[in-house]
Amino acid sequence: MKKNIALVMGGFSGEHDISIASGNQVYGQLDHTKYNVYKVVVDREGWYWLDADGAHKPLDRGDFTVEDNGRKVHFDLAFIIIHGNPGENGVLQGYFDMLGIRYTTCGFYTSSLTFQKGYCNPVVKNFGLVKVAKSVLLYKEPDNSELSALKSQLTLPVFVKPAAGGSSVATTKVKSADGLLPAIREAFTEDHSVLVEECIVGREFDCGVFRKADGELLVFPITEIIPKGGHEFFDYEAKYQGFSNEVTPAECPESISSHIQEVSGKLYDLLGCKGIVRFDYIHDTAKDELYFLEVNTIPGQSAESIVPKQARAMGISPAELYEMSIQAALA
């Protein structure tokens, strides 16, 4: 009998449209001869599923079921492809845990920890595998005295970003003290906590990791992110509007790529990760030191996203990757 899979996309954050693009890409790659796949959209205006004509159909949030041609459909699996709130921060995972529905991502605790950069960074630093930039976590807009203290604690330039967010939404590179408060205010529009982090100069690398149903750990070839067109870092436009070169496999010494892969594989297990995960780093070329940036527990899956490119470089098609993800979750 065919399994019923809810492909859950959308969300409440600025990454909503990116999630829809990722979801549509995954939908086209799944084996519809093996699975009944339903596009489920989570939106602040309501939750619904899309029928073959694109019409919005109601979803019962009480038991996460839908009606299709007069038949009540229960789901065997939720393929979560929501970037940001509520898919990447543990909220949906806790919901599905209570309903007894399996899902393709990290669990509740890992998702909630890794999504909050201000909490995750000290944990990663404590493992002793990789360096973490100096930072300050804010829960409210600083007054004049607090702002002065912040300026004395950190060395410019700094990155100001929502502590719980992704896709570099509301993220600013601040080079002068005058730009600090406006950047903090912008970041607070996206989240209730803000991370101010010292800038590490170097090359940015990403590495995807996935554990198969049989326990084999796949650590993908690394990607180097090279912003272009005046973009100094991998911001939203660089990510999604073509203002970056993404080189996979990265053209770097083997010692760097193997170190990044080794660290990524260890972090995957130490943080209790499941499903497809991507780790982001900066390699300080002057000091030859690797710095942890963040972990993405639901990385982008659009046609041009990083992890699908890494998988292809490893000889794994997107269809094979998503099939492995489903099998690992069901197991």
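Annotations for the structure displayed:
- Residues that are open to solvent by 40 Å² or more (accessible area, probe 1.4 Å) and among the small types (Gly, Ala, Ser) within the stretch 318-331 comprise just one, Ala331.
- The conditions of being within 19 Å of Gly87 (Cα to Cα) and at pLDDT 95 or above are not met by Tyr35.
- Every condition in (1) touching an Asp or Glu at 6+ places or on another chain (Cβ under 6 Å); (2) closer than 24 Å to Asn89 by Cβ; (3) not β-branched (Val, Ile, Thr) is met by Gln116 except one, and the failing one is (1).
- Flag if Lys266 is closer than 27 Å to Gly87 by Cα, in contact with a Cys (Cβ under 8 Å, 6 or more places away or on another chain), touching a residue at least 12 places away in the same chain (Cβ under 8 Å) and open to solvent by 40 Å² or more (accessible area, probe 1.4 Å): no
- Boolean, Val295 is of a type outside the set (D, E, K, R), in contact with a helix residue (DSSP H, G or I) (Cβ under 7 Å, 6 or more places away or on another chain) and modelled with pLDDT of 95 or more: yes
- Here the strands (runs of 3 or more DSSP E) wholly within the stretch 1-79 that include at least 1 residues being open to solvent by 70 Å² or more (accessible area, probe 1.4 Å) and closer than 19 Å to Tyr322 by Cβ are 3-10.
- Asp97 at pLDDT 95 or above, out of contact with any Cys (no Cβ under 7 Å at 6 or more places or on another chain), charged (D, E, K, R) and over 24 Å from Arg211 (Cα atoms): no
- Residue, farthest from Val160 (Cα to Cα), within the stretch 276-297, restricted to residues that are in a loop (DSSP other than H, G, I, E, B) and open to solvent by 10 Å² or more (accessible area, probe 1.4 Å): Ile276
- Restricting the stretch 160-204 to residues that are under 22 Å from the mean Cα position of the chain (by Cα) and hydroxyl-bearing (Ser, Thr, Tyr), the residue that is farthest from Leu150 (Cα to Cα) is Ser167.
- Between Glu254, Glu304, the distinction of being farther than 23 Å from Val169 by Cα and surrounded by fewer than 19 Cβ atoms within 10 Å (Cβ to Cβ) belongs to Glu254 only.
The values are calculated or read from the model by the stated rules, or taken from the named source; none is laboratory data. Note that this is a predicted model, so its numbers are computed, not measured. Because the Cβ atoms are built from the backbone with ideal geometry, glycine has one as well, and the counts that use them run over all protein chains shown. Quick note on the areas: whole protein, heavy atoms, side chains included, nothing else; ligands and nucleic acids left out. Shrake-Rupley method; radii C 1.70, N 1.55, O 1.52, S 1.80 Å.
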